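Peer 1: Before I ask anything, here is the structure I am working with.
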Amino acid sequence: MIEKIMKKINNETSSLCLMNESLKKHTTYGIGGPADLMIFPKSKQDLIKVVKIINENKLELTIIGSGSNVLVSDKGIRGAVISLKNSLKKIEVSNNILYAECGTMLGKIVKHAVKNNLIGLENLNGVPGTLGGALIMNAGAWGGEISENLIHVELINSKNEINKILKKDLNFSYRESSFHKDDILLSAKFNLKKADENIINENFVKAQTGRKKSQPLNQRSAGSLFKNPKNYSAGKLLDDAGLKGHTIGDAKISEKHANFFINIGSATSNEMLQLIKKAHGEVMKRFKVNLSLEVKLMGFSEDEIEGLC
């Protein structure tokens, strides 16, 4: 069945299709087993056609952007995995309106806004991943969130329909949104404000410098691992629990920032998962705080991730 679907995609689109492709190559952790079928659409039109073919054949579908914010099981992911890292990269600015396709790296969008003297996104400088992933998790940093200046999002829904959803019809909260799990985000439009170049650059540099000082940016991580609980800092809780520097195999809790779990060599998904469970359990035992994951776990059984999601 996989070969049949791959042939159809190759015949009807310009997408690159790979069977049994290792996801280690496509995640920032450098961890992950094979995808049964991995697809790299070349354009928005390609993506729409690919999704239609996969849905018609009732094949399980997983979308990844740049591969940040995910931990993939060494068993891999069954069905089809679509990577958007080679497509959906258009950015356009008209006056104070910024349009971007959802495969674009968030950092590139931030720089584009700053270049055009538009304020409202510069605090997100250095946040990893694509625009699509940032919208789904309502990414934020230094007091700002991606949803704040949103006008609308264009997406493919579970019925394979292309819809434009206004911000007022979406719900955003801390690291969460109301997008359906089967929604595939295509593009978004933002209403920003013109501002003094010096003010924008000051905010941009402040965010950049803050990240460099506090986060292990030169290490393989998936970004912040746990969400900050209300009135707490996840990193401080992990630090106060004495977990900085703790390792299981090649999985390690960063000594620079305890909420960054890093792959210092050839960590397996099981080693990283056991380290996550250890940290989660220690914080619960010491402080009675139930930490929730910001990183998404993919390809694991329910038994393996029980208590974490």
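Peer 1: In Å², and per residue, what accessible area does the stretch 190-309 have when probed at 1.4 Å with the other protein chains present?
Peer 2: 53 Å²
Peer 1: How are the C-alpha pair distances of the stretch 81-120 spread across 10 Å bins, as whole percents from the shortest bin up?
Peer 2: The calculated distribution, bin by bin, is 30, 52, 15, 3.
Peer 1: A further question follows. If R₀ is 51 angstrom, what is the calculated FRET efficiency for the pair GLU202 and MET1, using the beta carbon separation as r and rounding to 0.05?
Peer 2: Working: r = 55 Å, r/R0 = 1.08.
Once the sixth-power term is evaluated, E becomes 0.40.
Peer 1: Something else now. Cross-link candidates for LYS111: which aspartates and glutamates have Cα within less than 12 Å, leaving aside residues fewer than 8 places away along the same chain?
Peer 2: Straight-distance partners of LYS111: GLU122.
Peer 1: Now, a different point. Under a 1.4 Å probe, what is the accessible area of the stretch 77-158 per residue, stated in Å²? Walk me through the intermediate numbers first.
Peer 2: Details: 2800 Å² over 82 residues.
Here the residues of the stretch 77-158 average 34 Å² of exposed surface.
Peer 1: Using the C-alpha gyration tensor of the stretch 118-176, what are the square roots of 5 times its eigenvalues, in whole angstrom, with the largest one first?
Peer 2: In descending order the semi-axes read 22, 12, 11 Å.
Peer 1: Right, something else. Taking a cut-off of 18 Å, what percent of all Cα-Cα pairs in the stretch 187-295 are separated by more than that?
Peer 2: 55 percent
Peer 1: If the label point is 7 Å along Cα→Cβ of LYS52, which residues in the stretch 1-36 have backbone nitrogen under 17 Å from it?
Peer 2: 5-15, by backbone N distance to the label point.
Peer 1: Ok, one more. Which residues does a label at TYR174 reach in the stretch 213-247, if reach means a backbone N under 11 Å from a point 7 Å past the Cα toward the Cβ?
Peer 2: 227-234
Peer 1: Within the stretch 1-107, count lysine pairs with alpha carbon atoms under 15 angstrom apart where the residues are 8 or more positions apart or belong to different chains.
Peer 2: Lysine pairs, 8 or more places apart or on different chains, close enough: 19.
Peer 1: Go ahead and estimate [θ] at 222 nm for the chain from helices alone: -39,500 (n - 2.57) per DSSP H run with n ≥ 4, summed, over the residue count, rounded to 500.
Peer 2: Computed ellipticity for the chain at 222 nm equals -8500 deg cm²/dmol.
Peer 1: Report the Cα-based extents of the chain along its three principal axes, largest first, to the nearest Å.
Peer 2: 55, 53, 32
Peer 1: What whole-number value in cubic angstrom gives the convex hull volume per residue for the C-alpha atoms of the stretch 1-107?
Peer 2: 98 Å³
Peer 1: To continue, here is another question. If you average the C-alpha positions of the stretch 1-71 and of the stretch 249-296 separately, how far apart do those two centres end up, in angstrom?
Peer 2: The distance from the Cα centre of the stretch 1-71 to that of the stretch 249-296 comes to 29 Å.
Peer 1: Separate question: Give me the percent of the accessible area of the stretch 18-100 that comes from carbon and sulfur atoms, probe 1.4 Å, all protein chains in place.
Peer 2: With neighbouring chains kept in place, the figure for the stretch 18-100 is 50 percent.
Peer 1: Could you give the accessible area per residue of the stretch 1-75, probe 1.4 Å, as a whole number in Å²?
Peer 2: That works out to 45 Å² per residue.
Peer 1: Here is a further query. For TYR99 and LYS75, compute 0.36 nm times the residue count separating them, minus their Cα-Cα distance, and round to one decimal in nm. Could the numbers behind the result be given before it?
Peer 2: Details: separation 24, 0.36 × 24 = 8.64 nm, distance 3.75 nm.
So the extension gain works out to 4.9 nm.
The values are calculated or read from the model by the stated rules, or taken from the named source; none is laboratory data. Small disclaimer: the values here were computed from a predicted structure and weren't measured. For neighbour counting, all protein chains shown are included, and Cβ atoms are generated from backbone atoms with ideal geometry for every residue, glycine included. Remember, those area values only see protein heavy atoms, side chains included, never the ligands or the DNA or RNA. Shrake-Rupley method; radii C 1.70, N 1.55, O 1.52, S 1.80 Å.
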